[in-house]
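Q: The structure's right below; bear with me while I get my questions together.
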Amino acid sequence: MTLQQRRSGDGITWGAPELVTLPLPGRVPWHWDVQYVAAKSEYWALVAAYPEGTTCSRTAVYFARSADGTTWRVAPTPLLAPGEFDPLRDVVYRSSFHYHDGSDAVSVWFSGARLEGNAFRYAVASARYPYADLLRRVTGSSPIILEREGSTGVSPELQAARTQFEHEFP
């Protein structure tokens, strides 16, 4: 697969295509959420990718960083993969994130589904990682995930954990 990018200062006039290096051996990347994080002087991306020879229903979400937006370093461990979190156990889909400059934390929103009988139950999950914890997670540590599923409420335990975390890391 060849990945290219074009740059624009105004969204109307675009530069020539540039080849992008995004090493993810054995995986097919198919969705990206890319943002420039000024506080870290880096581009960050959440990359949805599935194993070669399978389908997008086996997608996992990877964290990647780049100094120039062209040459990327992809973390070896997915931030979230199918089977790791019950509400999204069968399908992990697109994700987005926000960096909190004041607390050096990253909020991530995941989407996906689980199969119940013959139907999918779609869900959104959010996690807020102190930056150092996010880096540990993508090198093998456990995730911190707070769930929000469909129209059902968040459990009191998860709400208390979220409230405490947001108090400690505004």
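The values are calculated or read from the model by the stated rules, or taken from the named source; none is laboratory data. Keep in mind the model is a prediction, meaning the values are calculated, not measured. Note that each Cβ is placed from the backbone with ideal geometry, even for glycine, and that neighbours are counted across all protein chains shown. Surface accessibility is based on the protein's heavy atoms, side chains included, excluding ligands, DNA and RNA. Shrake-Rupley method; radii C 1.70, N 1.55, O 1.52, S 1.80 Å.
Q: Could you list, in sequence order, the residues of the range 10-45 that are of a type in the set (D, E, K, R) and part of a strand (DSSP E or B)?
A: GLU18, ARG27, ASP33, GLU42, listed by residue number.
Q: Return the pair list, or none, for Cβ contacts closer than 9 Å from residues in the range 26-52 that are within 16 Å of LEU134 (Cα to Cα) and open to solvent by less than 40 Å² (accessible area, probe 1.4 Å) to residues that are in a strand (DSSP E or B) and of a type in the set (Lys, Arg), at least 6 apart or on different chains.
A: Matching pairs, first to second residue: VAL37/ARG65; GLU42/ARG65; TRP44/ARG65; ALA45/ARG65; LEU46/ARG94; VAL47/ARG27.
Q: Shifting gears a bit: Looking at (1) over 19 Å from HIS31 (Cα atoms); (2) modelled with pLDDT of 90 or more; (3) touching a helix residue (DSSP H, G or I) at 6+ places or on another chain (Cβ under 7 Å), which is the only condition SER103 fails?
A: SER103 satisfies every listed condition except (3).
Q: Is it true that some residue in the range 81-103 is surrounded by 12 or more Cβ atoms within 10 Å (Cβ to Cβ), more than 26 Å from ALA132 (Cα to Cα) and not hydrophobic (A, V, I, L, M, F, W, C)?
A: Checked against the condition, which is being surrounded by 12 or more Cβ atoms within 10 Å (Cβ to Cβ), more than 26 Å from ALA132 (Cα to Cα) and not hydrophobic (A, V, I, L, M, F, W, C), the range 81-103 yields at least one hit.
Q: Do we find that ALA48 is more than 16 Å from LEU80 (Cα to Cα) and not in a loop (DSSP other than H, G, I, E, B) in this structure?
A: Against the criterion (more than 16 Å from LEU80 (Cα to Cα) and not in a loop (DSSP other than H, G, I, E, B)), ALA48 does not qualify.
Q: Here's another thing I want to ask about it. Scan ASP68, ASP33 and give me the residue that is more than 23 Å from ALA113 (Cβ to Cβ) and at pLDDT 90 or above.
A: Answer to the selection: ASP68.
Q: Taking THR77 and the conditions (1) over 15 Å from the mean Cα position of the chain (by Cα); (2) under 14 Å from TYR129 (Cβ atoms), which numbered condition does it fall short on, given that it satisfies the others?
A: Looking at each condition in turn, THR77 falls short on (1).
Q: Here's something else I'd like to know. Would you confirm whether or not the range 61-79 contains a residue that is without any contact (Cβ under 8 Å) to a residue 40 or more places away in the chain, open to solvent by less than 50 Å² (accessible area, probe 1.4 Å) and in contact with a Pro (Cβ under 9 Å, 6 or more places away or on another chain)?
A: No, there is no match, as no residue in the range 61-79 is without any contact (Cβ under 8 Å) to a residue 40 or more places away in the chain, open to solvent by less than 50 Å² (accessible area, probe 1.4 Å) and in contact with a Pro (Cβ under 9 Å, 6 or more places away or on another chain).
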